[in-house]
1. State all residues of region 186-202 that are open to solvent by less than 50 Å² (accessible area, probe 1.4 Å) and among the hydroxyl-bearing types (S, T, Y); if no residue qualifies, say none.
2. List pairs: first residue in region 1-18 and touching a residue at least 12 places away in the same chain (Cβ under 8 Å) and under 16 Å from I92 (Cβ atoms), second residue of a type in the set (K, R) and surrounded by 14 or more Cβ atoms within 10 Å (Cβ to Cβ) anywhere in the structure, Cβ distance under 7 angstrom, at least six positions apart or on different chains.
3. Go through region 30-50 residue by residue and tally those that are touching a residue at least 12 places away in the same chain (Cβ under 8 Å) and either buried (at least 19 other Cβ atoms within 10 Å of the Cβ) or not aliphatic (A, V, I, L, M) (or both).
4. Checking the condition over 24 Å from Y8 (Cα atoms) and either out of contact with any His (no Cβ under 8 Å at 6 or more places or on another chain) or without any contact (Cβ under 8 Å) to a residue 12 or more places away in the chain (or both), which residue from I153, I214, I138, I131 passes?
5. Which of the residues that make up region 160-198 are among the hydrophobic types (A, V, I, L, M, F, W, C) and free of Cβ contacts under 8 Å to residues at least 40 places away in the same chain?
6. Quick test of your reading of the structure: S71 fulfils all but one of (1) open to solvent by less than 50 Å² (accessible area, probe 1.4 Å); (2) touching a residue at least 60 places away in the same chain (Cβ under 8 Å); (3) under 30 Å from L198 (Cβ atoms). Name the failing condition by number.
7. Would you check which residues across region 166-185 are open to solvent by 20 Å² or more (accessible area, probe 1.4 Å), more than 29 Å from A229 (Cα to Cα) and not in a loop (DSSP other than H, G, I, E, B) and list them?
8. Here are T130, T156: which of them is polar (S, T, N, Q), closer than 15 Å to M103 by Cβ and open to solvent by 40 Å² or more (accessible area, probe 1.4 Å)?
Amino acid sequence: MSMGALGYYEKSYRLMMLPLQNITHVISPVMHPVFSEMQDDISKLAMSYERVIRLLAYIGFPLSIFLYFTSTEITLILFGNQWIKSIAPFQILALSVGIQIIMSTSGSIFQAANDTKSMFICGLFSATLTISSLLVGIFVFKTLEAVSWSICIAFTVNFIQCYWMMYHVTFKRQLNNLTKEIIKPLMLSMLLLVVLHLFSSMKLELDLYLSILIKGSLFIFCLTIYFGATNEYNLRDKLLHRLRK
């Protein structure tokens, strides 16, 4: 592929990595020493980590949907019209942000549970699959979109393999415990998907800043309605508690 195509892909990938760098690179170093204290009680470690997964899923999955529908605005506002060819790859790569945010913490858990053998196997599988997917996208389909889809699919398969290994080998726990933690964040993401898709389908001729402002407002509105209806995170009571303090 040409150097120009590589440049567009690099911009897309860099944008996709920003949430990971600013969220998980702060959480992961803190997680390891905390969870290492639980290595003699794997059941407690698993249940504590599932609460972290739930929180990260509520951050990552909705964020993936938001980035997907605001890929044009984000790219053009940050980099300008000369990077318009980066929009499509970024839009595809954004779909993997949620699972990457969760999966990036897995290494700390394998280490905390003193199961570096499983961590090595997962890393080897991930590296092999990711490189193979890249080669397929580059040499078989030969488009930036194909490379992005290949990477996105590879991340998804790596996620499934990594947590299958973690639950069956490290935790010796049913995988449906993980499913229970991510099902509600996925439902919230589906709600956001419907709302933002309906807005985008209107094809309104809006200024970039106004467009991302409206989509951001819809995003916050959906979060507020969902958390208010499900009482998943009682934001209102927490806010009132803080104000009273």
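The values are calculated or read from the model by the stated rules, or taken from the named source; none is laboratory data. It should be emphasised that the depicted structure is a prediction, and the values quoted were computed from it without experimental measurement. So basically every Cβ, Gly included, is an ideal-geometry build from the backbone, and we count neighbours across all protein chains shown. Quick note on the areas: whole protein, heavy atoms, side chains included, nothing else; ligands and nucleic acids left out. Shrake-Rupley method; radii C 1.70, N 1.55, O 1.52, S 1.80 Å.
1. Applying the first criterion (open to solvent by less than 50 Å² (accessible area, probe 1.4 Å)) to region 186-202 yields 188-189, 192, 195-196, 199-200.
Those that are open to solvent by less than 50 Å² (accessible area, probe 1.4 Å) and among the hydroxyl-bearing types (S, T, Y): S189, S200.
2. Y8/K85
3. Going through region 30-50 one residue at a time, the tally reaches 11.
4. Values: I153 fails: over 24 Å from Y8 (Cα atoms); I138 fails: over 24 Å from Y8 (Cα atoms); I131 fails: over 24 Å from Y8 (Cα atoms).
That would be I214, the only listed residue that is over 24 Å from Y8 (Cα atoms) and either out of contact with any His (no Cβ under 8 Å at 6 or more places or on another chain) or without any contact (Cβ under 8 Å) to a residue 12 or more places away in the chain (or both).
5. Going through region 160-198, the residues among the hydrophobic types (A, V, I, L, M, F, W, C) turn out to be 160, 162, 164-166, 169, 171, 175, 178, 182-183, 186-188, 190-196, 198.
Residues satisfying the conditions are I160, W164, L175, I183, M187, M190, L191, V194, V195, L198.
6. In the conditions (1) open to solvent by less than 50 Å² (accessible area, probe 1.4 Å); (2) touching a residue at least 60 places away in the same chain (Cβ under 8 Å); (3) under 30 Å from L198 (Cβ atoms), S71 misses (2) alone.
7. H168, V169
8. Answer to the selection: T156.
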